[in-house]
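All remarks here apply to the structure that follows.
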Amino acid sequence: MPITPRQLKIFVALAESLNFSRTAERFFITQPSLSKAVKELEQELRVQLFERSTRSVRLTPTGERLTSLARRMVGEFDNGLHHLQSLVHLEAHHLAIASIPSLTHSVLPDVCDALEQAFASPRFTIHDGTNRATVQRLMNYEVDFALASVTPAEEGIEFEELMRDHFVLLARSDHVGFEDRPVRMQELVDMPLICGSSASTATEYVSAAFLQRGLVFQPKFTFDQVAIAAGFVRKGLGIVIQPYLGITPLLHLDGFRLYAIEDGPVRPVGIARRRGHDLSRIAEHAIREVRRVSQSLIETFPAWIEPPAPRSGA
């Protein structure tokens, strides 16, 4: 049987005390159990470590030579174990999330703030990217879970819808043409539209909405980060069409106006996770906070954000 760290610790302790009674008490075992452990170590090493008599215990010359080596091995093991425990502690307080930009901005700040209150020194890794890249990180085991739009039909991935996000228009406040009313998709055909790149799921929704009406979607500007579009809108070069949660980074800016799209698309968003995969305590807590924040957004912005669609059979 292999030599265990406990056997080496017993050997070092007995070598220092040369007293079976005190060493047994230190390890909360009986003297016969201590003698058995020492004998098994000697048999495994095929050397005698101690000379015993009815009145005394002393190290053999071999035992004396091996004591310093065993002490060093015990020290290295204890240091390594302490380092391992420290890493486990850090990992237990580390959370990795992949998220589409609109949810990164609107949901994750409140989630991370709540985790700061609930855990000691939590650490966060947040990957902000397209829906496709977000789901791919989840499939590659790079993150604990993902905040995404409806996931592609990937085996082993389950999706929990939390909100339905209405598409809206953001234009300069003095924009002429829409007045103070919701607009319709037909009215947008010849407008200078600004949207995300072709890799954006939001752009796919817009394109599909036009196609359903027999219209061709031809945006004037496309950007990887729609927040960049603010400068172009301010110059009067175009209007942004995006889900409401994707527009929120621009709403604090002066000189802009938000328009509802009466017959515009609605995008489901929520949590994607690996089916049957156990999450850490901090990840489970984070998911509960994501649900809480999502419900708060639904209640705060009912004109733009709907509750999730009823589940089939519910």
Short to long, in 20 Å steps from zero, the percent of alpha-carbon pairs of the chain per bin is 26, 33, 18, 16, 7, 0
For the chain, the accessible surface attributable to carbon and sulfur atoms (probe 1.4 angstrom, ligands and nucleic acids excluded) amounts in percent to 52
Restricting to lysines and to Cα separations under 29 Å from Lys39, and discarding same-chain partners fewer than 8 apart, the set is Lys9
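How much accessible area per residue does the chain have, in Å², with a 1.4 Å probe? Intermediate values should be presented prior to the final figure.
Values: 17360 Å² over 314 residues.
That works out to 55 Å² per residue.
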Measuring from the longest principal axis of the C-alpha atoms of the chain, the long axis of helix 201-212 (C-alpha) lies at a number of degrees, nearest 10, equal to 30
If amide H atoms are modeled at 1.01 Å from N in the peptide plane, then the residues at a separation of 5 or more from Phe50, or on another chain, having amide H under 5 Å from its own are Thr60
Long-range amide H partners of Phe256, meaning residues 5 or more apart or on another chain whose placed amide H is closer than 5 Å, are Ser173
In deg cm²/dmol, rounded to the nearest 500, the helical mean residue ellipticity at 222 nm of the chain, built from -39500 (n - 2.57) for every DSSP H run of length 4 or more, is -13500 deg cm²/dmol
Residue-ordered couplings for the stretch 231-247, obtained by feeding phi - 60° into the Karplus form 6.51 cos²θ - 1.76 cosθ + 1.60 and rounding to whole Hz (Gly and Pro as x), are x, 6, 5, 4, 7, x, 7, x, 10, 8, 10, 7, x, 4, 5, x, 8
Partner lysines whose C-alpha sits under 27 Å from that of Lys235, ignoring same-chain residues fewer than 8 away, are Lys220
Calc'd 3J(HN,Hα), the stretch 96-113, phi into Karplus 6.51 cos²θ - 1.76 cosθ + 1.60 (θ = phi - 60°), Hz, glycine/Pro = x, comes to 10, 10, 9, 8, 6, x, 4, 7, 4, 6, 8, 10, 5, x, 5, 5, 5, 4
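The values are calculated or read from the model by the stated rules, or taken from the named source; none is laboratory data. Computed from a prediction, not measured in an experiment: that's the story for all the values here. All accessible areas refer to the heavy atoms of the entire protein, side chains included, with ligands and DNA or RNA removed. Shrake-Rupley method; radii C 1.70, N 1.55, O 1.52, S 1.80 Å.
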